[in-house]
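Scroll down for the structure; my scribbles are underneath it.
What follows is calculated from the coordinates using simple rules that are stated; it is not laboratory data. These figures come from a predicted structure and were not determined experimentally. All Cβ positions, even for glycine, are placed from backbone atoms using ideal geometry, and neighbour counts span all protein chains on display.
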Amino acid sequence: MVGSGINGLMIGGAVLVLLGLLGFAVPIFTTQHTRDVAKVGDLTLQSREDTSYVIPPILSGGALLVGAMLIGAAVYQKR
């Protein structure tokens, strides 16, 4: 793969940069889980539980920084 435009470092760096930017854009996200509480004949009672997750800004910034460093290393290695 000598001379190819994109290598593994650049792809990994780009993925980390995108994840870091996504973490800054959407720092809190919620998932929903529906489960059956009781079942009597054809009647089913269900409960929906919402769970919120917070992405710390330091984690997003770290992913962004490491991704940028990997892209820089890939560019430097190509020269």
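What are the pairs with Cβ atoms under 7 angstrom where one residue, in the stretch 5-21, is over 19 Å from L59 (Cα atoms) and the other, located anywhere, is not in a helix (DSSP H, G or I)? Sequence gap at least six, or different chains.
Matching pairs, first to second residue: N7/M1.
Could you list, in sequence order, the residues of the stretch 22-43 that are part of a helix (DSSP H, G or I) and either touching a residue at least 12 places away in the same chain (Cβ under 8 Å) or within 11 Å of the chain's Cα centre (by Cα) (or both)?
L22, G23, F24, listed by residue number.
Six or more apart or on different chains, Cβ atoms under 8 Å: show the pairs whose first residue is in the stretch 50-79 and over 15 Å from I11 (Cα atoms) and whose second is part of a loop (DSSP other than H, G, I, E, B) and aliphatic (A, V, I, L, M).
Between residues of the stretch 50-79 that are over 15 Å from I11 (Cα atoms) and residues that are part of a loop (DSSP other than H, G, I, E, B) and aliphatic (A, V, I, L, M), the close pairs are I55/V26.
When you scan the stretch 44-79, how many residues do you find that are surrounded by 10 or more Cβ atoms within 10 Å (Cβ to Cβ), in a helix (DSSP H, G or I) and among the hydroxyl-bearing types (S, T, Y)?
Of the residues in that region, 1 qualify.
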